[in-house]
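As structure tokens, the structure follows; a few thoughts come after it.
The values are calculated or read from the model by the stated rules, or taken from the named source; none is laboratory data. Just so you know, these numbers come straight off a predicted model, no measurement behind them. Neighbour counts run over all protein chains shown; Cβ positions are idealised from the backbone, glycine included.
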């Protein structure tokens, strides 16, 4: 199946410092791709490039086979690209219901947004009148996912979903992500800690110093290589 999201020979920089050195990565409809690697490898920059919020210095960003270099990130969002950044990206001073209300800019009725969110995350319904910043970390991440799903995404980009969460909560969240992918969404997940995401990933890529050093199924061979790849001593 043709890739829905594709990064081809992508180079990206911050001022004079190049952080991505020809990254090739693709995600198909219904596929979960895990992007792994140590701190500073360029994982978050890769997600930002995919969402259009960081410029491409060279190479091609494609959505549905169409090159979208330089397209406004708001237009990519309208086309179905949804980025849930590290730190969840919710409004902590607003209630849960008001956080969902903010997503009505997509044109979807508020009642429909709440129906989708509350059906997938019943705890979000129970906390509807609560200030979002007082939710537990796992509940905040569920709210962030619920907000993202309100845009009816074709491509879901997740950055460090597990950060600061207990292992059981992470497992539950990744179970939800797997279900989202099964509904036909292309999912690209950045994770530093591989164990949980590899349970649901169809494909894994390891980014080291801005280059993809491994790409393939998340099998035992990959798991055995991870420590070496993270340390930067891969051949």
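Some observations on this one:
- Residue 209 being over 17 Å from the mean Cα position of the chain (by Cα), under 20 Å from residue 8 (Cβ atoms), surrounded by fewer than 20 Cβ atoms within 10 Å (Cβ to Cβ) and touching a residue at least 24 places away in the same chain (Cβ under 8 Å): yes
- Here residue 180 does not qualify as in contact with a helix residue (DSSP H, G or I) (Cβ under 6 Å, 6 or more places away or on another chain) and modelled with pLDDT of 90 or more.
- The residue list 90, 113 contains one member that is free of Cβ contacts under 8 Å to residues at least 60 places away in the same chain, closer than 19 Å to residue 189 by Cβ, out of contact with any strand residue (DSSP E or B) (no Cβ under 8 Å at 6 or more places or on another chain) and buried (at least 20 other Cβ atoms within 10 Å of the Cβ), which is 90.
Each row is one residue, and each column tells you yes or no for (1) touching a helix residue (DSSP H, G or I) at 6+ places or on another chain (Cβ under 7 Å); (2) modelled with pLDDT under 95; (3) not assigned by TED's automatic domain parsing to the domain that holds residue 225.
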site	(1), (2), (3)
23	yes, no, no
40	no, yes, no
45	no, no, no
62	no, no, no
74	no, yes, no
106	no, yes, yes
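- Evaluation of residue 138 against the conditions (1) touching a helix residue (DSSP H, G or I) at 6+ places or on another chain (Cβ under 6 Å); (2) buried (at least 22 other Cβ atoms within 10 Å of the Cβ) shows that the sole unmet condition is (2).
- Screening residue 150 on (1) within 20 Å of residue 87 (Cβ to Cβ); (2) in contact (Cβ under 8 Å) with a residue 60 or more places away in the chain; (3) buried (at least 18 other Cβ atoms within 10 Å of the Cβ) shows it passes everything except condition (2).
- Residue list for the range 1-54, filter: without any contact (Cβ under 8 Å) to a residue 24 or more places away in the chain and either buried (at least 16 other Cβ atoms within 10 Å of the Cβ) or in a helix (DSSP H, G or I) (or both): 26
- Of the helices (runs of 4 or more DSSP H) lying entirely inside the range 71-171, the ones with 3 or more residues being under 17 Å from the mean Cα position of the chain (by Cα) are found at 73-78, 137-149.
- Listed conditions (1) outside any loop (DSSP other than H, G, I, E, B); (2) in contact (Cβ under 8 Å) with a residue 60 or more places away in the chain; (3) surrounded by fewer than 16 Cβ atoms within 10 Å (Cβ to Cβ) are all met by residue 60, apart from (2).
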